[in-house]
Amino acid sequence: MLLFQLFITTVAPLVMATSSASPSEQGVDIDDATPEGTRNIHMWTNDTHQKTMIKFLHVPNTYTLIDVKHVDHVGAFYTFKNGDTWLTLDNKRLFLTPDMDEPNVERGSEDTEDWPIMSPEELKEALANHPSYEDLDAMWQELQAKRRAVNTLERRSSCKIGP
């Protein structure tokens with residue numbers, strides 16, 4: 001369980017996005033050059049929900065938002081030989097991430113062509129082998145609350161009292 005919690009806090013940040021509102025309704029500037037039948041998935045970049053960034057590019061509309069959020073908890077990010085970073089699950093690619101120009105990202109030795117893209121049906125089957133999104137999200141929220149509490153305690157303990 002501890003390893004799973006570590007995975008959740010370091011590898012699988014929660015996607016905070018909505019699919020019902022268009023990007024302009026959300027007040028988000030994005031490049032509208034997404035291929036027809038796809039959308040970019042955004043995530044909040046702070047606790048006040050004032051800023052967002054694109055988390056996944058050109059996600060086919062056939063993937064539901066709840067499935068995107070669910071696999072974000074259980075999948076793993078992998079940077080391929082060509083420098084593309086994808087969210088992966090069961091040795092298949094799911095969602096491409098934007099290029100973050102991070103110089104210290106270690107590239108894998110595999111080509112993207114060696115990892116097929118997982119279909120929405122395959123994703124549903126794979127997710128059935130994991131706890132539900134609601135359970136994972138509750139665990140994530142609990143861990144985030146504990147992290148905030150620890151950070152608050154650390155800030156308080158670093159304060160000096162007196163001269």
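Every number here is computed from the coordinates shown, using simple stated rules; none is lab data. Remember, predicted model here, so these are calculated numbers, not experimental data. No Cβ is skipped: glycine too gets one built from the backbone with ideal geometry, and neighbour counts run over all protein chains shown.
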* Past the 29 Å Cα-Cα mark, which pairs from K55/K81; K55/K92; K55/K146; K124/K146? -> K124/K146
* Report the full-extension gain for the segment L153 to T38: residue separation times 0.36 nm, less the Cα-Cα distance, to one decimal in nm. => 37.0 nm
* Hey, rough spin-label estimate for T62 and L96, points 7 angstrom out along Cα→Cβ, what's it come to in nanometres? -> 1.7 nm
* What is the spin-label model distance, in nm, from K81 to A128 if the labels are put 7 Å beyond Cα along the C-beta direction? -> 3.5 nm
* To do: Identify all lysines with a Cα-Cα distance to K51 below 20 Å; exclude those on the same chain that are fewer than 8 residues away in sequence.
  => K69
* To do: For every other residue with a beta carbon closer than 11 angstrom to the beta carbon of G108, add +1 if it is Lys or Arg and -1 if Asp or Glu, then tell me the sum.
  => -3
* **Rough spin-label spacing in nm, given labels placed 7 Å along Cα→Cβ, for K146 and T112** => 3.7 nm
